[in-house]
1. For the ranges B:219-227, A:254-262, B:162-170, what's the packing order if you count other beta-carbon atoms within 10 Å of each residue, average per peptide, and put the highest first?
2. Where does chain B land at 222 nm, in deg cm²/dmol rounded to the nearest 500, when only DSSP H runs of n ≥ 4 count, each adding -39500 (n - 2.57), divided by all residues?
3. Placing unit charges on C-beta atoms (Lys and Arg positive, Asp and Glu negative, everything else neutral), compute the dipole magnitude of segment A:207-253 about its Cα centre in debye, rounded to 20.
4. Kindly write out, for segment B:95-100 in residue order, the coupling ³J(HN,Hα) from the Karplus curve 6.51 cos²θ - 1.76 cosθ + 1.60 (θ = phi - 60°), rounded to whole Hz, with x marking Gly and Pro.
5. Using only Cα atoms, figure out Rg for segment B:117-243 and give it as a multiple of 2.2 N^0.38 Å.
6. What list do you get for A:Arg212, B:Arg154, A:Arg264 if you sort them by fewest beta carbons within 10 Å?
7. Under unit Cβ charges (Lys, Arg +1; Asp, Glu -1), what dipole magnitude, rounded to 20 debye, does chain A have relative to its Cα centre?
8. Counting pairwise Cα distances across segment B:62-140, what percent come out greater than 22 angstrom?
Amino acid sequence: MRQTFVDTMTDLLAEDPRTALVLADISAAAFAPAAARHPERVLNVGIREQLMMGVAGGLALTGLRPVVHSYAPFLVERAYEQIKLDLDHQAATAVLVSVGASYDRAAAGRTHLSPADVSLIDTLHGWAVHVPGHPGEVSALLRDAVAGDGSAYLRLSILHNDRPHGTDGALTVVRDAGPGAPLLVAVGPVLDAALDAVADLGVTVAYTNRPRPFDTAGLRELAGTEVILVEPYLAGTSSRVVSDALADRPHRLLALGVGHADLRRYGSAEDHTR
Amino acid sequence: MTMTTANTPRPTGGATPPGPAPALPTVPGPPAVPGPVAGPLERLRAGREFGANVYSTIDVLWVLYDRILRITPETTDDPDRDRFLLSKGHAVAGYYAVLAAKGFIPPDWLDDQGGPDSRLGDHPDRTLVPGVEIGSGSLGHGLGLGVGTALGLRAQGLLTPRVYVLLGDAELDEGSNHEAIAYAGATGLASLTAVVVDNHSATHGWPGGAATRFTANGWTAATVDGRDHDALHHALTGHDNHRPHVVVAVVGGE
């Protein structure tokens, strides 16, 4: 996914003089060719995440369309106040693109894990969140986000499904167990694991790579009285959204995802997916 | 973090503020302010008592708007305008008074500052106040936004505008400023001027002077009497167009 982002972003910088890329050393080498071609729109501020987001806000105030990129914990958690104030409070917008989703870098330990990123973005207003489940979904999501005028968070992962799925944000039925069956909603790269888990069960499975804004209309259409959420970030991140969408309907909700505890275990991302 | 606002609460007991404010019993009285600002400031004050940091910032604000900044009420959306970013958002009383004196905001907006229907909060909001470039209040945000603004203007070939960011010496405690100072110096961001109003309020001080934190990173610097309008004007036009520039405006601790 990261390479697809680099390739698409490099193209966007060439295509649209309104685009700018702000980096804090992460991926700077991958963007060196783009920086050489557009030195005034590819800006690596060094290991300075507060400045990275402040610069994005300033760029946006002059009319540019900034894309800001780093590791998820540094992009979203370390610079959270700058996202809140240097973007949102200024009525400025940007596209944030992270790598290192949740436990992608499990061996690096807690400092490089960021399962809370989508929850933090959820504290803000009006953000779109894109969680591609396959490298083949990344380019269209990035292009759409940059072409828009709102703020968006694009969350890239080393984990992915076997093949790409629809990218328009609507819940897409991947497996139909018929009327009245429990509905499982899988977000992004956890789809294949979710499908495996319910392979022998009468469960309808729907997919989305755009949890915000959540396709609540689609949810109401597909859901009966039992919903299972499977998300690649903190468990329960979308519970509020689902509960609000089904407020008028007695229902049960099981929300699966990443736990809150600092596991203090290493290994690979695959070791932590279960 | 934030600093407590300079404004004491507006006296309660009436939607309409009183006319001429009663003389305050404080001795000595508030420092003199530039003539055109006095009326708007008194109207905004409406009987409240302003702290020293309101008065410490008015002179440099006035010199900026009267003699330096290429911006008028008619050019607040002109891409080619100079940008003034008030980073120490609590210095808002003098800011609003200067904006009113220069015609950016209607004088009657001053009468209900901080009220539920007012556009003028205890910290400024760029979406509510014409001429205000950034919403500020939490310290340490203006310089990063100013760096981004300068970069954005340059990337679009807008080489005439200059970006001025006003901070306080205590505000420099925030580490985010030092990210911006180091980067702007290292990259020679020549269209940027930081103005540090130094009223000696930083808890642990800046041994060697606030300017040294900038010059160590390749900025040019001028440290002047923050009440001396001619000295401020000279310092505020002292950039060399190759490096970012800082003006430290030293004011008394009154």
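1. On the way: B:219-227: 19.7, A:254-262: 14.1, B:162-170: 25.7.
Put in order of decreasing packing, that is B:162-170, B:219-227, A:254-262.
2. On the way: 7 runs with 72 residues, N = 254.
Mean residue ellipticity, 222 nm, calculated: -8500 deg cm²/dmol.
3. Numbers: 6 positive and 6 negative charges, 17 e Å.
Dipole of segment A:207-253, to the nearest 20 debye: 80 debye.
4. In residue order, the calculated couplings are 4, 4, 5, 5, 4, 5 Hz.
5. Details: Rg = 15.0 Å, N = 127, 2.2 N^0.38 = 13.9 Å.
Normalised Cα radius of gyration, segment B:117-243: 1.08.
6. Working: A:Arg212 21, B:Arg154 18, A:Arg264 7.
Exposure proxy ranking, most exposed first: A:Arg264, B:Arg154, A:Arg212.
7. Using only the charged Cβ atoms, the result is roughly 400 debye.
8. Values: 531 of 3081 pairs.
That tail contains 17 percent of the Cα-Cα pairs.
Laboratory data are not the source of any read-out in this text; all were calculated from the coordinates shown. None of the values given here were measured: they were computed from a predicted structure. Heads up, the Cβs are rebuilt from the backbone with ideal geometry, glycines too, and the neighbour counts pull from every protein chain shown.
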